[in-house]
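To start, the structure itself, in structure tokens.
The values are calculated or read from the model by the stated rules, or taken from the named source; none is laboratory data. The structure presented is a predicted model; accordingly, all values stated were derived computationally and were not measured. Cβ sites come from the backbone with ideal geometry, for glycine too, and all protein chains shown count toward neighbours.
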Amino acid sequence: MKSLLVIVFSLSGIFLVQTNLTKISDAISSGDAEALRPYFDKSVEISIGDDFDFYPKNEAVTIVKNFFSSHTPAGYSQTHEGTSLGKDSRYVIGDLKTSSGSFRVYIYLNGLKGQEVIQELRFNRK
């Protein structure tokens, strides 16, 4: 019985993380920077082309909102996902098609108190 509970709780954590990644992908696909807010860490590195900096969560949302205003998303697909620097962090790579061209999107997430948060978000023109 204890083994069954351990398995159930382990799987529920995996599904929660997967649900968060789905919500992050949906937010990028629809250009909804506000929907990314709950997943941003207190400070987020935002990189758009050669411009990058660390921003507090609220300012990061504004930067991404401005990006989506200039580059209206027409579709996003996740192409790769992996772990980085141990079990508590992972990265996601995707392709974003916009009104002004295509971008490769890199998302770096790190576990924080049992919840993954975005610490880095990059948009590189393809």
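Going by the conditions given, is residue 52 in contact with a strand residue (DSSP E or B) (Cβ under 9 Å, 6 or more places away or on another chain) and more than 18 Å from residue 32 (Cα to Cα)? For residue 52, the condition - in contact with a strand residue (DSSP E or B) (Cβ under 9 Å, 6 or more places away or on another chain) and more than 18 Å from residue 32 (Cα to Cα) - is met.
Looking at the range 23-122, what strands (runs of 3 or more DSSP E) fall wholly within it and have at least 2 residues that are on the phi < 0 side of the Ramachandran plot, out of contact with any Gly (no Cβ under 9 Å at 6 or more places or on another chain) and at pLDDT below 95?
Details: elements: 40-48, 51-56, 73-83, 89-98, 101-112.
Result: 73-83, 101-112.
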